[in-house]
Amino acid sequence: MNTSTWQPPLIWRAALLFARGLVGLLARLQVTGDVPAHLRRGPLVLAANHISPFDPVVMAAACQTRGIAPRIMATAGLFRAPVLGAAMRHAGHIRVDRGTSAVHRALDDAATAVARGSVILIYPEGRIGLDPGLWPERGKTGAARLALACGAPVVPVAQWGAHEVLPYQAPRGMLRGIARSLWRRPVIRVHFGTPVDLGETGAAHPGAARRATDRIMDALTDTLALLRPDEPDLPRHIDPGRPSDTSRAHRRRSD
């Protein structure tokens, strides 16, 4: 693979610095774990849990502390915004048209990016999780299929605390959440775990993507558990506007 073609543009490097400053203003960021030096410029897939609209800012800040400039797979709605969309395209992020026939194009674009040496950040759950305890939901197979197709390692990245900054229904309630965070400055923890053994040699084998996805979600759940030992069941901070859905609960893979 060519690992030197893609370089993060200035606009994205500046945005990473801005994200770190913003998170530092609203919360106390604690980043633990690391990514091996030879993987920081890719090819690499970062698989993160999704608990809040503030997650992308937190992940950008955490990655900046580790010298990583990931290209984010993000919902198409962000790319349609007049200014933000243009900035995201220029920064090299990847548009995901969920629920349409074009959704598979995102995986092709991501595979091309990984082949050119990029780090891709993906949320395997495919949405902000609605598990009552804010534990990772059953994952979609996109991250696993991407990794298996490209032979790229997968690093689980767990984060905890972003749900205390922005509510699920943001922008509704956003100003209240920001004001509360400025006053209390909650702790946001991010941990880069160890690369996941996907246990597969390629995506062509029947059920390979599903099995690899379950391994990723197991690793992500274990990594998140390290960050919330005092909140093993329900989070202390309850967002009253957040719906609950147990239909996609993740069940640990049995070997």
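Considering only the range 58-98, state which residues are open to solvent by 90 Å² or more (accessible area, probe 1.4 Å), more than 17 Å from the chain's Cα centre (by Cα) and without any contact (Cβ under 8 Å) to a residue 60 or more places away in the chain.
Arg80, Pro82, Val83, Arg89
Looking at (1) among the aliphatic types (A, V, I, L, M); (2) free of Cβ contacts under 8 Å to residues at least 40 places away in the same chain; (3) assigned to a loop (DSSP other than H, G, I, E, B), which is the only condition Leu198 fails?
(2)
Give the range 150-176 a look and list any residue that's assigned to a helix (DSSP H, G or I) and under 20 Å from the mean Cα position of the chain (by Cα), or say none. Explain how you work it out, then say what you get.
Taking the range 150-176 first, the residues assigned to a helix (DSSP H, G or I) are 150, 162-164, 174-176.
Across the range 150-176, the qualifying residues are Cys150, Ala162, His163, Glu164.
Condition check ((1) open to solvent by 10 Å² or more (accessible area, probe 1.4 Å); (2) under 24 Å from Ile68 (Cα atoms); (3) out of contact with any helix residue (DSSP H, G or I) (no Cβ under 7 Å at 6 or more places or on another chain)) across all residues:
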site	(1), (2), (3)
Arg145	yes, yes, no
Gln159	no, yes, no
Thr194	yes, yes, yes
Ala208	no, no, no
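Check Met88 against each of (1) within 24 Å of Gln169 (Cβ to Cβ); (2) at pLDDT 90 or above; (3) not acidic (Asp, Glu) and name the one condition it does not meet.
(2)
Among the listed residues Asp230, Asp255, Asp222, identify the single one that is over 25 Å from Gln64 (Cα atoms), open to solvent by 10 Å² or more (accessible area, probe 1.4 Å) and at pLDDT 95 or above.
Numbers: Asp255 fails: at pLDDT 95 or above; Asp222 fails: over 25 Å from Gln64 (Cα atoms).
When all the criteria are applied, what remains is Asp230.
Going residue by residue through the range 1-10, is there one that turns out to be among the hydrophobic types (A, V, I, L, M, F, W, C), in contact (Cβ under 8 Å) with a residue 24 or more places away in the chain and either closer than 22 Å to Gln159 by Cα or assigned to a helix (DSSP H, G or I) (or both)? Give the derivation first.
So the first thing to find is which residues in the range 1-10 are among the hydrophobic types (A, V, I, L, M, F, W, C), and the list is 1, 6, 10.
Then drop every residue that is not in contact (Cβ under 8 Å) with a residue 24 or more places away in the chain, which leaves 1, 6.
Still in the list and also either closer than 22 Å to Gln159 by Cα or assigned to a helix (DSSP H, G or I) (or both): none.
No.
Can Ala179 be described as in a loop (DSSP other than H, G, I, E, B), farther than 21 Å from Arg98 by Cβ and either among the charged types (D, E, K, R) or more than 15 Å from the chain's Cα centre (by Cα) (or both)? If you could, list the steps in order and put the result at the bottom.
Values: in a loop (DSSP other than H, G, I, E, B): no; farther than 21 Å from Arg98 by Cβ: yes; either among the charged types (D, E, K, R) or more than 15 Å from the chain's Cα centre (by Cα) (or both): yes.
Judged against the criteria, Ala179 is not a match.
Tell me yes or no: at least one residue of the range 28-42 is at pLDDT below 95 and touching a helix residue (DSSP H, G or I) at 6+ places or on another chain (Cβ under 7 Å).
Among the residues of the range 28-42, at least one is at pLDDT below 95 and touching a helix residue (DSSP H, G or I) at 6+ places or on another chain (Cβ under 7 Å), which makes the answer yes.
Take the residues of the range 107-144 that are among the polar types (S, T, N, Q) and assigned to a loop (DSSP other than H, G, I, E, B): which is nearest to Ser244 (Cα to Cα)? Give the steps one after another, and end with the answer.
Step one: filter the range 107-144 for residues among the polar types (S, T, N, Q), giving 112, 118, 141.
Of the ones still in play, those that are also assigned to a loop (DSSP other than H, G, I, E, B) are 118, 141.
Working: Ser118: 35, Thr141: 22 Å.
Going through the qualifying residues, I end up with Thr141.
Would the range 164-175 turn up any residue that is among the small types (Gly, Ala, Ser) and surrounded by 23 or more Cβ atoms within 10 Å (Cβ to Cβ)?
Within the range 164-175, the subset among the small types (Gly, Ala, Ser) is 170, 173.
Filter once more, keeping what is surrounded by 23 or more Cβ atoms within 10 Å (Cβ to Cβ): none.
Looking through the range 164-175, none of the residues is among the small types (Gly, Ala, Ser) and surrounded by 23 or more Cβ atoms within 10 Å (Cβ to Cβ).
For the subset of the range 18-32 comprising residues that are open to solvent by 30 Å² or more (accessible area, probe 1.4 Å) and small (Gly, Ala, Ser), which member is nearest to Arg228 (Cα to Cα)?
Per the criteria, the residue is Gly24.
The values are calculated or read from the model by the stated rules, or taken from the named source; none is laboratory data. This structure is a prediction, so every number in the text was calculated from the model and none was measured. No Cβ is skipped: glycine too gets one built from the backbone with ideal geometry, and neighbour counts run over all protein chains shown. We work out accessible area using only protein heavy atoms, side chains counted, and drop any ligands, DNA or RNA first. Shrake-Rupley method; radii C 1.70, N 1.55, O 1.52, S 1.80 Å.
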